[in-house]
Amino acid sequence: MRVLVKGAGVTGLTAAFELAARGAAVTVVETRHSLGGNASWMAGGMLAPWCERESAEQPVLDLGRDAADWWDAVLPGHVTRAGTLVMAMPRDAGELDRFASRTSGYRRVDEDEIALLEPDLAGRFDRGLFFPGEAHLDPRRAMAALHEKLAGSGVEFRFGVDAKDMAGFERQIDCTGMAAGDERLRGVRGEMLILHAPEISLSRPVRLLHPRFPLYLAPRAGHYFMVGATMIESLSSGPVTARSMMELLNAAYSVHPAFGEAAIVETGVGIRPAFPDNLPRVERQGKTVAINGLYRHGFLLGPAMARRAAAMAFDHGKPAEHADETDCQRRSA
Amino acid sequence: MLDLYGTKLPSRLLLGTAQYPSPAILADAVNASRTSVVTVSLRREMAGGRGGEKFWSLIQSLRLRVLPNTAGCHSVKEAVTTAKMAREVFGTNWIKLEVIGNHDTLQPDVFGLVEAARILCEDGFAVFPYTTDDLVVAERLLAAGCRVLMPWCAPIGSALGPVNATALRSMRGHFPDIPLIVDAGLGRPSHAALVMELGFDAVLLNTAVAKAADPIGMARAFGKAVDAGREAYRSGLLEPRDVAVPSTPTIGRAVFQ
């Protein structure tokens, strides 16, 4: 079966992998001229379904639980399984209890254990939550590696192309996010920074509880750190605002004052596509299967959504009109 | 019925729209609370109105009265500019006026607040000032043209509940005919019931619902607490006394002993 995948963000790449793995002849088209520049490129790369459960609904945990295994199996060496450390400034200690009451899969850690986990943070925080089952990866390296792996196994990539029709393809997988033009979608703006702080080493993502949005520092190779991410109800992809920059830098500085000496090597803005319930959907209409609404969970939910989309694309028995699969057991009002 | 600037409203609960897990949960929580007014932050939630049309259309689909706010403004000029933008974006002259004096505690700058209120009232706005429980500041706000006052009962987001019930009681006594809405600091439905029992006209809250484990259930609980507190106030509360007063006469008991 010949399948056209539209969009080379994390959704398109994971979908291409699952389709190729089932024997499809896959072509990926991307309007941009390279892998970069989309929301996936700006992602934190945290595979942290237990932490996300603090604000996300149960399906995010259910669908994201196996994400680290998927990435590890597909891209050996890219996933770091070192958990997540969640901390709060002393005056926000109540926030830590609130976070704990909304999540599972953690153990409480004291000053000594924090020092063992992250020696650079010794003496800076007296308590925190450690989520040992979580993992992280570098989204850009992972996307580049997945692209290379797919291209090497016969998946065709066409960059700088806007595929208008799907002549010659039996199925189309729409992974274009906001560009899909789905009326139900809204954009949630996320701003991030990349800092280079040679003095600091962290082994795992560190989350700092913040009253308005979850701030985190995700370590990358060579003492680089991604600091993210704001959550603003806006489609605007304009530059990072001064307020957001201050809040992100303030969080980094609170985690370790040596971040004050860091170089700001990049600022970025990504627009996350989200449905009103902030949960993802895989839907089939005719020959097109659409994956969308991954919100702030592209790398976490991409694998599960890709598997569903691939299964749906191959399922000839289903009525072609409309198929919807979300697993959203929304609580009723 | 609650009357705010000539608009009659069936509910005495005003609900903020920030920090919910998703817009779908926000909509369900709003419905469960049976509120008739929602507040929206132009700056904080919608990037100053740029590109946030989708969120705004989700708010509009709730079909409720919208009270835009000037959250995040630290000066008179910022607050006035934000209020005027909000009037354009949301198509209402209602404005919840916040002029923040301290970034950390989000305490209002009452001097800037009075000044901004005067400018906006002259410009035809219906101003809902977020203020402290200070009576003199309240007088100045009324002199500036405000016809509703929104005193805090504790710092924004603190969930402490009424930390100075005496001040709230004296405010109620001092301004018997001005709609008084307790804004900020409510953590539990019992806090809302308590200030309604003091005779306040309404309460405004956000964090206590949005950040609850189940925002929908919590919204419903607050709606009931506000109703209960209001009804209790209207029904005449029994004043506390220092000695026990049995509810049945004890005279006859001695006969059997």
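Using the Stokes-Einstein relation with a Kirkwood hydrodynamic radius computed over Cα pairs, the translational diffusion coefficient of the stretch B:32-182 at 4 °C and a viscosity of 1.567 mPa s comes to 82 µm²/s. Here the stretch A:58-128 and the stretch B:173-197 have alpha carbon centers that stand 40 Å from each other. Sorted fewest first by neighbouring Cβ atoms within 10 angstrom, B:30, A:206, A:109 come out as A:109, B:30, A:206. If R₀ is 41 angstrom, what is the calculated FRET efficiency for the pair residue B:238 and residue B:139, using the beta carbon separation as r and rounding to 0.05? Once the sixth-power term is evaluated, E becomes 0.80.
Can you tell me the 0 to 90 degree angle between the C-alpha axis of helix A:139-152 and the longest principal axis of chain A, rounded to 10? Between helix and principal axis, roughly 30 degrees. Between the amide H of residue B:40 and those of B:67, B:69, distances stay under 5 Å, these residues lying 5 or more places away or on another chain, with hydrogens modeled in the peptide plane.
Backbone phi angles across the stretch B:104-113, fed through the Karplus curve with coefficients 6.51, -1.76 and 1.60 (θ = phi - 60°), yield HN-Hα couplings of 7, 8, 6, 5, x, 8, 5, 5, x, 4 Hz in residue order; Gly and Pro are listed as x. Note on residue B:211: lysines with a C-alpha under 20 Å away, same-chain residues under 8 apart excluded, are B:224. Relative contact order for chain B: 19 percent, from Cα pairs under 8 Å spaced at least 6 residues apart, divided by residue count.
Beyond 22 Å between alpha-carbons counts as too far, so tell me which of A:164/A:287; A:6/B:54; B:8/B:77 fall in that bin. Intermediate values should be presented prior to the final figure.
Working: A:164/A:287 15 Å; A:6/B:54 24 Å; B:8/B:77 31 Å.
From the list (A:164/A:287; A:6/B:54; B:8/B:77), the Cα-Cα distance tops 22 Å for A:6/B:54; B:8/B:77.
In terms of packing, defined here as the mean over residues of other Cβ atoms within 10 angstrom, the peptides A:77-83, B:35-41, A:10-16 line up highest first as A:10-16, B:35-41, A:77-83. Sorted ascending by nearby beta carbons within 10 Å, beginning with the fewest, B:160, A:208, A:116 become A:116, B:160, A:208. The packing ranking, built from the mean of other Cβ atoms within 10 Å per residue, places the peptides A:56-66, B:120-130, A:233-243 in the order B:120-130, A:56-66, A:233-243, highest first.
With the convex hull of the Cα atoms taken as the outline of the protein assembly as shown, the averaged projected area works out to 34.3 nm². For A:164, B:96, B:84, the sequence from fewest to most other C-beta atoms within 10 Å is A:164, B:84, B:96. All Cα-Cα separations within the stretch A:147-208 were binned at 10 Å from zero, giving a P(r) of 12, 27, 26, 25, 9, 1, each value a whole percent of the pairs. Take the convex hull of the alpha carbons in the stretch B:44-125; its mean projected area over all directions comes to 5.4 nm². Applying 0.36 nm per residue to the separation of residue A:102 and residue A:32 and subtracting their alpha-carbon distance, the gain on full extension is 21.3 nm. Against the longest principal axis of chain B, how steep is helix B:165-174, in degrees 0 to 90 to the nearest 10, with axes from Cα atoms? It is inclined by approximately 80 degrees.
Once you divide the Cα radius of gyration of chain A by 2.2 N^0.38 Å, the number left is 0.99. Global size of chain B: 20.0, 82 Å for Rg and Dmax (C-alpha atoms, Rg to one decimal, Dmax whole). Modelled spin labels at residue A:69 and residue B:31, positioned 7 Å past Cα toward Cβ, are 3.7 nm from each other.
Averaging the sequence gap over all C-alpha pairs within less than 8 Å and six or more residues apart, then dividing by the number of residues, gives chain A a relative contact order of 24 percent. Values of log10 I(q)/I(0) for the stretch B:118-234 across q = 0.13, 0.15 Å⁻¹ run -0.49, -0.64, by the Debye formula with one identical scatterer at each alpha carbon and no solvent.
Give me the orientation-averaged projected area of the Cα convex hull of the stretch A:31-107, in nm², one decimal.
Values: hull surface 29.1 nm².
Here the figure is 7.3 nm², rounded to one decimal.
Across the stretch B:190-196, rounded Karplus estimates of 3J(HN,Hα) from the backbone phi angles (6.51 cos²θ - 1.76 cosθ + 1.60, θ = phi - 60°) give 5, 5, 5, 4, 4, 6, 5 Hz, Gly and Pro being marked x. Summarising the amide proton neighbourhood of residue A:220: residues at separation of 5 or more, or on other chains, whose placed amide H is nearer than 5 Å comprise A:225, A:226. With the simple spin-label model, which puts each label point 7 Å out from Cα in the Cβ direction, the residue A:81 to residue A:170 separation comes to 3.7 nm.
On average, how many beta carbons from a partner chain sit within 10 Å of the beta carbon of a residue in A:239-245?
Numbers: counts 0, 0, 2, 0, 3, 1, 0.
Mean shielding count: 1.
Taking R0 as 22 Å, what's the FRET efficiency between residue A:199 and residue A:265 from their Cβ-Cβ distance, rounded to 0.05? Let's see the in-between values first.
On the way: r = 15 Å, r/R0 = 0.69.
Result of the calculation: an efficiency of 0.90.
Can you give me the angle between helix A:298-314 and the longest principal axis of chain A, using Cα atoms only, in degrees from 0 to 90, rounded to the nearest 10? Rounded to the nearest ten degrees, it is 20. In this calculation the C-beta distance from residue B:93 to residue B:175 is compared with R0 = 25 Å, giving a FRET efficiency of 0.65. In this rough spin-label picture, where each label sits 7 Å from Cα along the Cβ direction, the residue A:159-residue B:74 distance is 4.2 nm.
Sequentially through the stretch A:107-116, phi angles give Karplus couplings (6.51, -1.76, 1.60; θ = phi - 60°) of 10, 6, 10, 9, 4, 5, 6, 4, 5, 5 Hz, Gly and Pro residues having no value and appearing as x. Taking amide H as placed 1.01 Å from N in the peptide plane, the amide H of residue B:183 sits under 5 Å from that of B:152, B:153, B:204, each at least 5 places away or on another chain.
Here, each number is a calculation from the coordinates, and none is a lab measurement. Quick caveat: nothing in here was measured; it's all calculated off a predicted structure. Here Cβ is always computed from backbone atoms with ideal geometry, including for glycine, and neighbour counts include all displayed protein chains.
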